[in-house]
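Below is one structure; the comments refer to it alone.
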Amino acid sequence: MSERMILGIETSCDETGVAVLQGDQVLSSVLATQTDMHSRFGGVVPEVAARAHIEAIRPMVHMALRKAGVHSDQLDAVAATRGPGLVGSLMVGFSFGKALAWGLQKPFIGIDHMEGHLFAPLLENPDYRPPAVVLLASGGHSQIVHMRDWGDYSVLGGTIDDAAGEAFDKLARFMGLGYPGGPAIDTTSDGGDPAAVRFPRALADRPFDFSFSGLKTSVVNHLQKAKAAGDLPPIEDVAASVQEAIVDVLVAKTFNAVAETGVPVVAAGGGVLANRRLRAAMETRAGEAGIELCVPAPALCTDNGAMIAAAARFRLDAGYEATWFDDVDPGLRLD
Ligand code: KG4
Ligand code: ZN
């Protein structure tokens, strides 16, 4: 792929991510996170998120350019997330990127956020190639994607209710562990017994789909009953058991897709892939199946500007031309 210098902007949810990519080198990648602003509400508040992006976008773009040692004149293109995501948040990064590109008279390209996640492993491992099965699991999305080639994807399955990260967040809130819930459950699970409570693994009859609402009900019922009986189990055992139930289905369904497609590579991305138990389980299963595993470092699993620039580089090389009339699409679908 080309040595173009691309500025990537990601503002689909609650992180303002900006990066400069040249060829496959990430020259800089900066992030303004809003976690503290949303934590007192126990989840992302769209209006708060959009306003925070407005404040962060200019300083973040400046910081990314300065850290990369690059002047905006040197950019070959500007890319920003087009969707899916929160409309107000998307509009901030997308409009800023478009205006910047217009001012520089350089191409502007809108990128599917999920395609960004598909490209993230490439930033650490230039040998990463399709065909692959990719598990994407975050606060807003949970999907299993069959990536036949760059730009050629089918979504094999996804969640029919909550995303995996959303399940972690809601369950952690119920357990009084705070927000964001994924990291809280991950740390609370340390030393806990994952087999203490056997929570349900849903949708056994649908090989590539997830459902987490039944798990939520089951945890709530279990804890309420235990409390009424004056027999609350240790919190680390509950956290470890909840985590095990979510990890189990994510891994099982991903490897159902691997078996179905016969791909030699399995990859993953999204914030939930920061989970240590999930990363370990993916590694074990990939080892057993004898296939290559590409799960990037947690900072590249969570939302960032570099993955948007990486997907843009592919799109530009492939001759994809954006028009100045493209707009954000909060409901954008990968396939
Ligand atoms: O990809 P991401 O940063 O943002 C989007 O939602 O797009 O993912 C955030 C989600 C949150 O739901 C958070 O609880 C979850 O990823 N998460 C984790 C961990 N770290 C973040 N879930 C489980 N274990 C973790 N260590
Ligand atoms: Zn994401």
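The values are calculated or read from the model by the stated rules, or taken from the named source; none is laboratory data. Everything quoted here is computed from the prediction, not taken from an experiment. Every residue, glycine as well, gets a Cβ built from its backbone with ideal geometry; the counts of neighbours run over all protein chains shown.
Summed over the stretch 93-130, residues that are of a type outside the set (Phe, Trp, Tyr), part of a strand (DSSP E or B) and away from ligand 2 (no atom under 13 Å from the Cβ) total 2. Taking the condition surrounded by fewer than 18 Cβ atoms within 10 Å (Cβ to Cβ), in the same structural domain as Gly139 (by TED's automatic domain parsing), more than 16 Å from ligand 2 (Cβ to nearest atom) and at pLDDT 95 or above, does Asp190 pass? Yes: the conditions hold for Asp190.
Restricting attention to the stretch 27-78, and to residues there that are among the hydroxyl-bearing types (Ser, Thr, Tyr) and within 16 Å of ligand 1 (Cβ to nearest atom), which single residue is farthest from Phe168 (Cα to Cα)? The selected residue is Ser29.
Just one residue in the set His146, His117, His113 is surrounded by 24 or more Cβ atoms within 10 Å (Cβ to Cβ), within 29 Å of Gly290 (Cβ to Cβ) and not hydrophobic (A, V, I, L, M, F, W, C); that residue is His117. Being under 30 Å from Val265 (Cα atoms), in contact (Cβ under 8 Å) with a residue 12 or more places away in the chain and within 16 Å of ligand 2 (Cβ to nearest atom): is that true of Leu90 here? The answer is no for Leu90.
The set of residues in the stretch 259-275 that are more than 16 Å from ligand 1 (Cβ to nearest atom) and in contact with a helix residue (DSSP H, G or I) (Cβ under 6 Å, 6 or more places away or on another chain) contains only Val266. Of all residues in the stretch 286-310, those being crowded, with 17+ Cβ neighbours inside 10 Å, among the charged types (D, E, K, R) and more than 15 Å from ligand 2 (Cβ to nearest atom) number 0. Is at least one residue of the stretch 77-84 charged (D, E, K, R) and touching a His at 6+ places or on another chain (Cβ under 9 Å)? Among the residues of the stretch 77-84, at least one is charged (D, E, K, R) and touching a His at 6+ places or on another chain (Cβ under 9 Å), which makes the answer yes.
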